[in-house]
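Nothing in this text is a laboratory measurement; each read-out follows from the coordinates by a stated rule. Note that the structure is a prediction, hence the values are computed from the model and not measured. Glycine gets a Cβ as well: all are built from the backbone with ideal geometry, and neighbour counts include every protein chain shown.
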Amino acid sequence: MKEDSNETAGIRPSSSGQEWRISKKHGNALIGTLRKTYGPVFASGFSDRDKLSDVLHKLDEPSLSKLVQDHDAGRLHEIARK
């Protein structure tokens, strides 16, 4: 069975466009800032000092889902500023 080239490259086909929009608008947000809202397990394995744009493509699915949900609802801007 042939693998999807996006999956092979580590890109999640269903969310890659959404990730780009989030990174463009909120990429400077620090993971530590986002953990104030999402909790200590958000983006596990990354430092509080890491920028969202640097780790977004490596995020676990639960963390990415929270970002996408809040981005779609228009809440991510306020969360990223806390």
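Based on Cβ point charges of +1 for Lys and Arg and -1 for Asp and Glu, what charge dipole magnitude is obtained for region 31-82 about its Cα centre, in debye rounded to the nearest 20? Don't skip to the answer; put the middle values down first.
Numbers: 9 positive and 8 negative charges, 48 e Å.
Dipole magnitude for region 31-82 comes out near 240 debye.
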Practice task
Positive end of the charge dipole of region 31-82 (Lys, Arg +1 and Asp, Glu -1 on Cβ, about the Cα centre): tell me which of Ala73, Ile31, Gly45 has its Cα farthest that way.
Solution key: Ile31
Completion exercise
Two pseudo-spin positions, 7 Å from Cα along C-beta at Arg81 and at Thr37, lie apart in nanometres by 1.1 nm
